[in-house]
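The values are calculated or read from the model by the stated rules, or taken from the named source; none is laboratory data. Since this is a predicted model, take the numbers as computed values, not measurements. Cβ: placed from backbone, ideal geometry, glycine included. Neighbour counts: every protein chain shown. The area values use the complete protein model at the heavy-atom level, side chains included, leaving out ligands, DNA and RNA. Shrake-Rupley method; radii C 1.70, N 1.55, O 1.52, S 1.80 Å.
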Amino acid sequence: MTSFPNAGFALIKSIISGDSVILRGKATNGPPPELILSLSNINAPRLGNKSVEEEAYAYESREYLRNLLVGKQVKYKLEYASPNRQFGSLEIQHPIDGETDIARILAKNGFAKVKQADGKRIPSEEQEYLLGLEEYAKAKRLGIWSDEPYTLRQIAYNFERDPRQLLDKYKNAPIDAIVEQVRDGSTLRVVAYIDSVHQYLTVQISGIKAPVYRKDIPGVPDLIEPLAEEAKYFTEVRLLQRSVKILLESYSGQGQGLAFFATILHPAGNIAELLLSEGYAKILDWNLASVTNPEKYKACEAAAKAKQLRLWKGFVKTATNTNNFQAVVTKIIGPDLINVEVGGKERKIGFSSIRGPKRQKNEQDFDIGYYLDAVEYLRARLIGQKVTVKIDYVKPAEGEYEKRDCATVLKGEVNIAEMLVTRGYASVIKHKKDDHNRSSAYDKLLEAEEKAIAASKGIHSTKDAPVHRIIDASENAAKAKNYLAQLQRGGKLKCVVEYVASGSRFRIYVPSQNLRLTLVLSGIRTPKAGKAENQKSEPYGNEAAAFANSRLFQRDVEVAIEGVDKVGGFIGTLFVPAHSGPSANYAQLILEQGLATVHEYSASQSPFANQLMDAESSAKAARKNIWTDYDPASEAAEEVSTLQVTEAKITEVMVTEVSSTGNFFVQLSGPELKKLESLMTEFAHYHSGAGQQLIAPFTPKVGEYCSAQFTADKQWYRARVRKINGANSYNIWYIDYGNSETVPGSRLRPLPSQFSVTLLKPQAVEAQLAYIDFPTEESDYLQDAVSEFCSIISGQTLFAKIIAVNNTPTGPVQSVLLYVKKPAGSKITSVNQQLIECSLAYVSKVHSKRYLREQREKLKNKAALLSKTAPTDLDLLMDAQELAKKSRSNIWRYGDFTEDDD
């Protein structure tokens, strides 16, 4: 406490009681000094508090002095001191009933008693005078000397009532009050006269926030923000212990933390506007809507900004407000969290000041409660819609929760958070009274919640929580089959896309059936998308998935189910509703973007085959995405996939070797094969001579022809080196029979010129079964297929119909239809077709595409449909494959794998 001169002039800051005041001196290089002064020679009744009852007329005495002195200049004189306070006298400039001394005025009006002399001293002249004034008051029965019954005022130091009821009763109705304490520039402690009770209330001035001044509060760390002392002083000199009227507008917190937001009405003006104009406070956005004239507040703040006053020192106006923006909702993450797209970028936005219900499941793994209802409410109204986002605050990262932008989100003029709360799909966060990070419509949220509670809406219902019994129809293949007929009978089903796995594979919800299932689009294939950041995707896989997300995720769609796949996925067509006109086939849309290819077999089964083919052709012509490097000429070459297409001819062959993948080697019957038999006799004789024993090391190079001793029969054959494995180890291929093995250098000799390949070319011809593929090496059925192939041809006279000669990195490979010789008149079926009939091989993708394209052209050509022609080799194989698929055996056991996307 700064010392005061013994006498002088000062302002009355406040009245402690009827005989004690706080003086405020002049400020010099800091806050003005203050002094507690009690009046000599008199005692006023004591005011009460939470633990001490108030004395009669204490309030009236204090009020008389408050109305007389607060904010006025007085003349003071210090007379003596006790350990806790100073004693002295106060004088006012203008006399009251002839008196200027405050002690005399109080004694004369019956608001204080004169102290009696202690008996040791003779009463002073001033005491004698005061006693005379006291006798006057007694005679007049003034104040404490009245003989009328006295009733102590009712005081409520804590607010024990329902704040909402008080607000509803007195909202915007002026309430008489006295400002008893200024905690900071915008936080007051007032005594309000409510329903005949003097009610203590904590009041925050609506629409503004001054810097925090928090000091000497038990258990709470001190916090004095920049300019907090100045703002507090600014408010104190204007409002402390002044009579005001308050307009209650909202409230925050509860119990000891309860605070009302109110506009303070004073004859001298609106303190909120003054604080804003002088740069001692800023607008509190979330609470501004509650004031009568928010535009005036904005104008006051704008003026302070323009002058760069105090809190706005160094302020530079920016061209745009980045906290308010338009965006499109792209994802509903939860009941209180969404994703929006703004400026081409995704941004996560939480709804300010509300908390949605948590997701819960019962023992049967069904969702219970209102989580799904809240998410669906948001999805149905917001997905793909433009909204206005007003950032209220940024919630810092905490524990497992990341940093989050919290905003008020409006669709048109509708506050989405308020609608959630109104329906009981969210609760309002009860912020601490000094926590101003809250929704800009916080008051309305509180009102909405109270109405929802009163109506027992949603999470406030007293009934059992709803159970969402949604069945996973794609849990396994057997379960999917059970639901197939039911879903097909439904025709076009109204659905919601809940998850996008790739551009053509989705998780969907069927509300009418209470089912959740996996949908695989028929007729197309999209590239694989990486499921995780470190997982590699196929070219344009991520783009295809992104396109699907942008058009389908959490959207209402229609689905027509056509079948099921081997793992429980449902195959079907998905339609995207249009704003006007018929819905669009999504497969056609993604094909037009060049982010998918036609799966010709499944497309041919679809009534939309022509549209799909045309959409793919359009993307090819435009060189879009997948088709960026598209070359029609190379596509034609791929479909033919041959070096030379021969005129089909049939020749007798002998299979000499079958590889583990189903390729094989043949010797073609004819003069050269007979020449080989003669050559091998001479070759064996030559290598049996003693002169052919190894004399010097022989180290052939890769590709060099040589003589090699076969491990199984120890005989010598013509061979060629394919690979050198290391020291004295060679991988060689027997050029007349097609088999290979690894041998040491000791079993190799130079090939004599009389047995050169220039005299007799290699007789082993590599071949493959035309039009068909064996199962892949990863398949469980490859070994079975190769064994069946060997079983069919073993010991048989074979004929090959050479279809084409294909170029491969290891040389030409003949594509053949292989036949087993049958008695005259017997039905002849190719080995190729027999393997398909056994469900151990399938028509290759290239030939399936060609076949389906040909069929499509026939459908367009009426003349071709009417003409009768014999089935081609490919027709026979495709027909056999259709029958094999229906058998559901071997490679078709789990359905048509050729329709899988991935």
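A few comments on the model shown:
- For the range 803-845 versus the range 217-250, the gap between their alpha-carbon centres in whole angstrom: 96 Å
- Shown are 504, 746, whose ranking by accessible area with a 1.4 Å probe and every protein chain present, most to least, is 746, 504.
- With the helix formula -39500 (n - 2.57) applied to DSSP H stretches of n ≥ 4, the chain reaches a computed 222 nm mean residue ellipticity of -8000 deg cm²/dmol.
- Debye-formula intensities of the chain, expressed as log10 I(q)/I(0) at q = 0.04, 0.05 Å⁻¹, are -0.43, -0.57 (one equal scatterer per alpha-carbon, no solvent).
- Computed over protein heavy atoms with a 1.4 angstrom probe, the accessible surface ordering of 97, 336, largest first, is 97, 336.
- Pairs exceeding 26 Å between alpha-carbon atoms, taken from 50/75; 649/822; 481/624: 50/75; 481/624.
- Cα-based radius of gyration for the range 82-199, normalised by 2.2 N^0.38 Å, reads 1.53.
- Centre separation in Å (Cα based) which lies between the range 570-596 and the range 154-193: 62 Å
- Here the dipole of the range 91-187 is about 360 debye; that uses its Cα centre as origin and unit charges on the Cβ of Lys and Arg (positive) and Asp and Glu (negative).
- Cα gyration tensor category, rounded, prolate or oblate, for the range 275-330 with a/c compared to 1.5: oblate
- Gain on full stretching of the segment that runs from residue 82 to residue 465 - 0.36 nm per residue minus C-alpha separation: 131.0 nm
- At R0 = 22 Å, FRET efficiency that the Cβ-Cβ distance of residue 398 and residue 419 yields, to 0.05: 0.20
- The range 32-161, relative contact order [Cα under 8 Å, separation at least 6], %: 26 percent
- Label-to-label distance, nm, for residues given as residue 566 and residue 315 (7 Å Cα→Cβ offset): 7.0 nm
- Cα extents of the range 682-793 along the three principal axes, largest first (Å): 50, 31, 24
- Remark: the range 52-151 projects, on average over all directions, an area of 8.3 nm² (convex hull of Cα atoms).
- Taking every protein chain into account, the 1.4 Å probe leaves residue 564 with about 30 Å² of accessible area, to the nearest ten.
- The range 424-554: Rg to Rh, with Rh as the Kirkwood radius over Cα pairs: 1.15
- Degrees between helix 294-307 axis and first principal axis of the chain (Cα, 0 to 90, nearest 10): 90 degrees
- Cut-off 13 Å between beta-carbons: net charge of the residues surrounding residue 96, Lys and Arg +1, Asp and Glu -1: -1
- With a cut-off of 13 Å between beta carbons, the residues surrounding residue 417 carry a summed charge of +1, where Lys and Arg count +1 and Asp and Glu -1.
- Cα shape, the range 149-192, gyration tensor, a/c 1.5 rule: oblate
- For the chain, the relative contact order works out to 6 percent when only alpha carbon pairs closer than 8 Å and six or more residues apart are counted.
- Nearest 10 degrees, 0 to 90: helix 782-793 Cα axis against the chain principal axis: 20 degrees
- FRET efficiency estimate (nearest 0.05) - Cβ-Cβ, residue 46 to residue 139, R0 30 angstrom: 0.75
- Calculated on alpha-carbon atoms, Rg and Dmax of the range 467-515 in Å: 11.2, 32
- Annotation: residue 720 carries an accessible surface of approximately 90 Å², with a 1.4 Å probe and no ligand, DNA or RNA atoms counted.
- Average Cα contact separation per residue, the range 230-320, under 8 Å, 6 or more apart, as relative contact order %: 22 percent
- Carbon plus sulfur fraction of accessible area for the range 372-482, probe 1.4 Å, in percent: 47 percent
- Rounded accessible area per residue of the chain, 1.4 Å, Å²: 52 Å²
- Total lysine pairs in the range 258-376 at Cα distances under 16 Å, for residues eight or more apart or on different chains: 14.
- Accessible area of residue 150 in the full protein assembly, 1.4 Å probe (Å², nearest 10): 70 Å²
- In degrees, nearest ten, helix 371-382 long axis to first principal axis of the chain (Cα): 80 degrees
- For the range 73-126: rounded, prolate or oblate by the Cα gyration tensor [a/c cutoff 1.5]: oblate
- Using Cβ point charges alone (K and R +1, D and E -1), the dipole size of the range 492-617 about the Cα centre works out to roughly 420 debye.
- For the range 350-401, the equivalent ellipsoid derived from the alpha-carbon gyration tensor has semi-axes of 25, 19, 8 Å in decreasing order.
- For residue 434, net neighbour charge (Lys/Arg +1, Asp/Glu -1) across residues whose Cβ lies under 12 Å away: +3
- Rounded to 5, percent antiparallel among DSSP beta bridges of the chain: 90 percent
- Note on exposure: 688, 186, 678 ranked by accessible area (1.4 Å probe, complete protein assembly) read 688, 678, 186, with the most exposed listed first.
- Those residues of the range 131-171 whose amide nitrogen sits under 14 Å from the label point placed on residue 54, 7 Å along Cα→Cβ: 150-158
- The ellipsoid that matches the Cα gyration tensor of the range 765-845 has semi-axes, each √(5λ) in whole angstrom, of 21, 18, 11, with the longest given first.
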